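Inspection log for the structure reproduced underneath, given as structure tokens.
The values are calculated or read from the model by the stated rules, or taken from the named source; none is laboratory data. Bear in mind that the values here come from a model prediction, so they are computed numbers and not experimental data. Using ideal geometry, Cβ is built from the backbone for each residue, glycine included, and neighbour counts are taken over all protein chains shown.
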């Protein structure tokens, strides 16, 4: 055989390999040192004497030899199918543009082979265009693992798929992705992938129609689809964009809701999503309803701890009720709104491994008989209580709020209550506080409870400047919500101040220079002495306002007001009527010094002393301090001064204002109640009622010039000197503009009213709920008014407003709010007091109420 015949043989072998590996570049078996020894017509067995690899850039040569399945010492038949299999195995990895198998030498029956490869380039980076910067960052996060990988068709397909899925989830169903590799100038072995994204327009739902429904109306079935809504103006909270994952969830929910109303055989037969136009789709669903079923006979077995009569009373399902597996499951295993299901009965009394299995024993006509088989298990006692994740907060602060104690029977209700108390501390992310029973030992009847908590920033800073009252005012406030007084002299504990003991320290200053200053200090300890929940608070403040001219010769400034005050509070938690109650007593001393200060306080010059004792009875059962979804917050407050006029022998008929108000006397009654209720999904309704009344002991003395109520606006003091008056917000009206009928409007010299009433309804829906931020939107309706005396009081005569707003909670800044309210009722003497008003608030009460 001559060299020309050998060339023909090599050509035939190459063609055979190409046929076995479709769409692959050329392959070779070449460079024989003894071509006369190879014959395609007479292949020969050889022993592999060695294998080398060339052409690699990033791949490991030993790994490539393993992939080729060639081993030194193995026999190989050449020329033949063996070389084609080797080349096919290499191409299947998707790593190469070209693969060759060459012969380097033949010695007798030993052959030496060389694998020559041409590696495909690797991806150095993605260059994404066609979308916004923020969207590029979001997409890049999902594609970070692609960098450094071989650029092949699989990488292109997965990259395109990830991008399309990302935008499909946001309602962009027609997204296109075009990709073009180009050489990387910095590295010849790598490429840059140009990715051009065109989101197109968001796809919304034009219509949703159902077939096969008779018992359920079209409207009711649409109501079952919480996340799949048509583009109607009244669909405020339901998404109008078509999202495949949400649509799949809604299909499952649809069937569950139909079954929950007694149609246990209901199913979704088919569904189609078809294009309506370039921006919308039509959704059609075909359902099968089946018959409506009812509960038949219900029997119980396995229950020893509680009688059948007791369980039947808690189950609250009778023969003839509409059959619903969903409702049955709630009544057996919870959760129910009032936690009065069968599982709560067992779990609140130590039966941790309780289980109820409702077995359908007989189905006839439209009736389903049940046997509820109870597995009670042993009575479990808590062995250990462990807290994990409190890196800053001291153990004692956490453990004293936990109500599940070692040695007690396991109690689900106390487990939930402990979680609530930990969230009320404000030091932990309530979304991530997780109590978990562990080390469950059935033989000994013991269980450990682990509370996993995640610390969150709790300190707050207020740094702002603004223009108000005709002057520029700056504010600096620092609040340390997890302060530690006992480590005040421990320099190692400063971060930047000692932390970890759950105390609160607040320092705040506000000033516009000489004309206005306001400085305050507050310290509170929720467990005075560390052994009992005795609340202690100490506060002090000094405020001054000067609006007149300064005369150097007399060193006197007219129109001055200075108020100094100090207060102390003691309180304790109560166990009756239940353990959500708290009773606080406060003693405060305020000193007022007025010098020609106008008529805002019924007298302009003089000194007054306000010594007041306050009793506050409160009950707070809300589930979270920032965004409550259930529970209530109710406060009843009585504040009173000594009745000086009864024993000071002053003739108030001829007394000057300075003498009349030297020792302020009054009694003050306030009621504030909030209720939170989840309506559907995450939509929460907050209802609030507020009332206040300022009374007097002696008609000859009259009403106190201080401690009155001023209604209207954002509920903040803003930059006006108004300490001594209680500020109540009423959105949709200017600050302090809601005055009694006939009083005349004058915000700057408004002394306040002695009676007020306010009602609020507020719908809230969260946008973000995380450790770093909580944002929720709201819509509100409010009504409120003030009166000069209780005889004029009419709780139904209110100034009304509606509006929308948003709240943003940032751990370092507290709660920030922006509202737009529209007041419907005219304020005499102030034509612009109502109508449209924007309101901005800082650090309002975290319990959800506007002060």
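What the table below lists for this structure:
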| quantity | calculated |
| --- | --- |
| Per-region count, region 765-793, residues within 10 Å of the chain's Cα centre (by Cα), outside any loop (DSSP other than H, G, I, E, B) and exposed (fewer than 15 other Cβ atoms within 10 Å of the Cβ) | 2 |
| Residue within region 260-277 that is in a helix (DSSP H, G or I) and either within 33 Å of the chain's Cα centre (by Cα) or touching a residue at least 12 places away in the same chain (Cβ under 8 Å) (or both) present | yes |
| In region 487-535, the residues that are under 15 Å from residue 392 (Cα atoms) and part of a helix (DSSP H, G or I) | 487, 492, 493 |
| Residue match in region 181-190 (condition: under 17 Å from residue 129 (Cα atoms) and touching a strand residue (DSSP E or B) at 6+ places or on another chain (Cβ under 9 Å)) | yes |
| Which listed residue, of 311, 328, is outside the structural domain of residue 265 (by TED's automatic domain parsing) and in contact with a helix residue (DSSP H, G or I) (Cβ under 8 Å, 6 or more places away or on another chain) | 311 |
| Output for region 323-336, where each listed residue is over 24 Å from residue 436 (Cβ atoms) and surrounded by fewer than 17 Cβ atoms within 10 Å (Cβ to Cβ) | 325, 326 |
| Where residue 625 falls short, out of the listed (1) under 25 Å from residue 705 (Cβ atoms); (2) assigned to a loop (DSSP other than H, G, I, E, B) | (1) |
| Strands (runs of 3 or more DSSP E) (entirely within region 73-192) containing at least 1 residues that are modelled with pLDDT of 80 or more, touching a helix residue (DSSP H, G or I) at 6+ places or on another chain (Cβ under 9 Å) and farther than 30 Å from residue 45 by Cα | 122-129, 176-184 |
| Any hit, region 645-663, residues being under 26 Å from residue 691 (Cβ atoms) and touching a strand residue (DSSP E or B) at 6+ places or on another chain (Cβ under 6 Å) | yes |
| Matching residues in region 682-698 - criterion: being under 28 Å from residue 769 (Cα atoms) and in a loop (DSSP other than H, G, I, E, B) | 682 |
| Candidate set: region 664-680, residues that are touching a strand residue (DSSP E or B) at 6+ places or on another chain (Cβ under 8 Å) and assigned to a loop (DSSP other than H, G, I, E, B); chosen: the one surrounded by the fewest Cβ atoms within 10 Å (Cβ to Cβ) | 664 |
| Among (1) outside any helix (DSSP H, G or I); (2) surrounded by fewer than 18 Cβ atoms within 10 Å (Cβ to Cβ) - the single one residue 252 does not satisfy | (1) |
| Of all residues making up region 293-322, the number that are surrounded by 13 or more Cβ atoms within 10 Å (Cβ to Cβ), at negative phi and either in a strand (DSSP E or B) or in contact with a strand residue (DSSP E or B) (Cβ under 7 Å, 6 or more places away or on another chain) (or both) | 12 |
| Residue 64 assigned to a loop (DSSP other than H, G, I, E, B) and surrounded by 12 or more Cβ atoms within 10 Å (Cβ to Cβ) | no |
| Region 326-356, residues that are in contact (Cβ under 8 Å) with a residue 40 or more places away in the chain, within 17 Å of residue 310 (Cα to Cα) and part of a loop (DSSP other than H, G, I, E, B) | 339, 348, 349, 351 |
| Residue list for region 820-835, restricted to those being surrounded by 16 or more Cβ atoms within 10 Å (Cβ to Cβ) and out of contact with any helix residue (DSSP H, G or I) (no Cβ under 9 Å at 6 or more places or on another chain) | 821, 822, 823, 825, 827, 834 |
| Residue 636 being closer than 30 Å to residue 811 by Cα and more than 25 Å from the chain's Cα centre (by Cα) | yes |
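Yes/no matrix, rows are residues, columns are (1) more than 28 Å from the chain's Cα centre (by Cα); (2) over 17 Å from residue 435 (Cα atoms); (3) modelled with pLDDT of 95 or more; (4) surrounded by fewer than 21 Cβ atoms within 10 Å (Cβ to Cβ):
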{"position": "346", "(1), (2), (3), (4)": "yes, yes, yes, no"}
{"position": "364", "(1), (2), (3), (4)": "yes, yes, no, yes"}
{"position": "374", "(1), (2), (3), (4)": "yes, yes, yes, no"}
{"position": "379", "(1), (2), (3), (4)": "yes, yes, yes, yes"}
{"position": "383", "(1), (2), (3), (4)": "yes, no, yes, yes"}
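Results for (1) loosely packed, with under 15 Cβ neighbours inside 10 Å; (2) touching a residue at least 12 places away in the same chain (Cβ under 8 Å); (3) more than 25 Å from the chain's Cα centre (by Cα); (4) outside any strand (DSSP E or B), shown as yes or no for each residue.
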{"position": "393", "(1), (2), (3), (4)": "no, yes, no, yes"}
{"position": "405", "(1), (2), (3), (4)": "yes, yes, yes, yes"}
{"position": "426", "(1), (2), (3), (4)": "no, yes, no, yes"}
{"position": "431", "(1), (2), (3), (4)": "no, yes, no, yes"}
{"position": "439", "(1), (2), (3), (4)": "yes, yes, yes, no"}
